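The values are calculated or read from the model by the stated rules, or taken from the named source; none is laboratory data. For clarity, every value in this text was computed on a predicted model and none was experimentally measured. Because the Cβ atoms are built from the backbone with ideal geometry, glycine has one as well, and the counts that use them run over all protein chains shown.
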Amino acid sequence: MTEEQLTFGDAKIVETLNTVFQLFKEGDFSGSMELLSKAMEIDLSYPGLSATFQCASFWKERREKDAGAKEPFEKGEILLAQWKLFLVFLERLPDVPEKCLYALKRHVFAKALGYFNRIAETEDADLFFRIGRCNKGLGNYDAATEALEKANRCRPEDPGILAELADCYSLVSEVRAAKVFFREAFFLDPQAPDLASLESPMIQRLAARVRRMGIAEPEVAEWIPVYGTVYGVFNVKRQMKPLELGKLKQSIYALEKDVGRPDRPASLVPRLINRYFWLIDHYLGSGEEKEKVGEILEKIRDLHPEVHREYIN
């Protein structure tokens, strides 16, 4: 239906929604709820209207509840935490308009960024990390990358920082760098990257594929590096340093000791397989004997025949 074909009531609702979305950006949730209530009197079943009202109610309630926060860092942190809760809340709302989500995202991340920027002179990895996430949420990818690179220099082996940095590289089509940093992040700790906050189509497609296999949260993150290798997503490798290789072998030995336990955690198998993949990459890259690679492949076959079959094909 074109705007010319809208009924008077529909046209009024469209006008109201556009005003509401602007109010969302400004953080005026009380005013937006008043307008939405009037629009619902015209047509309660108008697509997205009820969902938009529930979004406004969600944010009005939480902003009032957390109005007592005093420190800028705390205020920004609360907003980012509320956004994560909101993403979970959205799963119950099937018809939220894209303009609604965009307006709310602009408000939350711009507001949080303002708080963090008040103390931006502090050389702190956590602060740089949050400034980076806020800028990424606003689409300011260059500024986000700059902040996250600072965070990475402060804490070089933080998987959460590495994943967010990889996400930014992916969003500006620096695919090679994105693959390197995603691979590192999910090797160090698959649970550290916040999957819900990652926007990279590469990672989201991979996560969706893992979920279609029947793997549920939180094990999805554990299998991402495994199937990322199997399907050629994590195909940009680097040679390990001797100290890293020693740690890798120690980690494999520790996991192998626990793999036969009946009460082993669900994360153990994918973590062990991923470490086997890293060891194979090292052997192939350093020209080690084929026998060593064959031994690792046999271990993968015994541990998970399906992954072994897909990996060698």
* Restricting the search to the range 26-39, which residues are farther than 19 Å from Arg106 by Cα and surrounded by fewer than 17 Cβ atoms within 10 Å (Cβ to Cβ)? -> Glu34, Ser37, Lys38
* Would you tally the residues in the range 53-67 being part of a helix (DSSP H, G or I) and either farther than 24 Å from Lys12 by Cβ or among the aromatic types (Phe, Trp, Tyr) (or both)? => 8
* Structure fact -> Filtering the range 277-293 down to residues that are among the acidic types (Asp, Glu) and at pLDDT 90 or above yields Asp281
* Structure fact -> Scanning the range 84-100 for residues that are within 14 Å of Ser57 (Cα to Cα) and either in contact with a Pro (Cβ under 8 Å, 6 or more places away or on another chain) or part of a helix (DSSP H, G or I) (or both) gives Leu85, Phe86, Phe89, Leu90, Cys100
* Enumeration of residues in the range 136-148 that are in a helix (DSSP H, G or I) and closer than 17 Å to Ser173 by Cα -> Lys136, Gly137, Tyr141, Asp142, Ala143, Ala144, Thr145, Glu146, Leu148
* Within the range 168-182, restricting attention to residues that are touching a helix residue (DSSP H, G or I) at 6+ places or on another chain (Cβ under 7 Å) and part of a helix (DSSP H, G or I), which residue is surrounded by the fewest Cβ atoms within 10 Å (Cβ to Cβ)? -> Ala177
* Qualifying positions in the range 195-208 - touching a helix residue (DSSP H, G or I) at 6+ places or on another chain (Cβ under 7 Å) and under 24 Å from Trp278 (Cβ atoms) -> Leu195, Leu198, Ser200, Met202, Ile203, Leu206, Ala207
* Structure fact -> Here the residues within the range 25-52 that are under 33 Å from the mean Cα position of the chain (by Cα) and assigned to a helix (DSSP H, G or I) are Lys25, Glu26, Phe29, Ser30, Gly31, Ser32, Met33, Leu36, Leu49, Ser50, Ala51, Thr52
* Asked: Is there any pair with a first residue in the range 201-214 that is among the β-branched types (Val, Ile, Thr) and a second that is surrounded by 13 or more Cβ atoms within 10 Å (Cβ to Cβ) and not in a loop (DSSP other than H, G, I, E, B) whose Cβ atoms are under 7 Å apart and which are 6 or more apart or on different chains, and what are they?
  -> Ile203/Phe182; Val210/Val220; Val210/Trp223; Val210/Ile224; Val210/Tyr227
* With a cut-off of at least 3 residues that are surrounded by 15 or more Cβ atoms within 10 Å (Cβ to Cβ) and over 29 Å from the mean Cα position of the chain (by Cα), name the helices (runs of 4 or more DSSP H) lying wholly within the range 215-313. => 290-303
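Could you please find all residues in the range 79-89 being of a type in the set (A, V, I, L, M) and out of contact with any Phe, Trp or Tyr (no Cβ under 9 Å at 6 or more places or on another chain)? So that I can check it myself, show each step before the final result.
Residues of the range 79-89 of a type in the set (A, V, I, L, M): 79-81, 85, 87-88.
Of everything in the range 79-89, those that are of a type in the set (A, V, I, L, M) and out of contact with any Phe, Trp or Tyr (no Cβ under 9 Å at 6 or more places or on another chain) turn out to be Ala81, Leu87, Val88.
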* Structure fact -> Going through the range 54-83 in order, the residues found to be among the basic types (Lys, Arg), closer than 22 Å to Ala120 by Cα and either surrounded by fewer than 18 Cβ atoms within 10 Å (Cβ to Cβ) or not assigned by TED's automatic domain parsing to the domain that holds Phe21 (or both) are Lys70
* Return yes or no: is Pro190 touching a residue at least 60 places away in the same chain (Cβ under 8 Å), assigned to a loop (DSSP other than H, G, I, E, B) and surrounded by 16 or more Cβ atoms within 10 Å (Cβ to Cβ)? => yes
* Asked: For Gln22, are the conditions met, namely being closer than 30 Å to Asp124 by Cβ and in a helix (DSSP H, G or I)?
  -> no
* **Which numbered condition Asp95 misses (of (1) in contact (Cβ under 8 Å) with a residue 24 or more places away in the chain; (2) closer than 26 Å to Cys134 by Cβ; (3) among the charged types (D, E, K, R))** => (2)
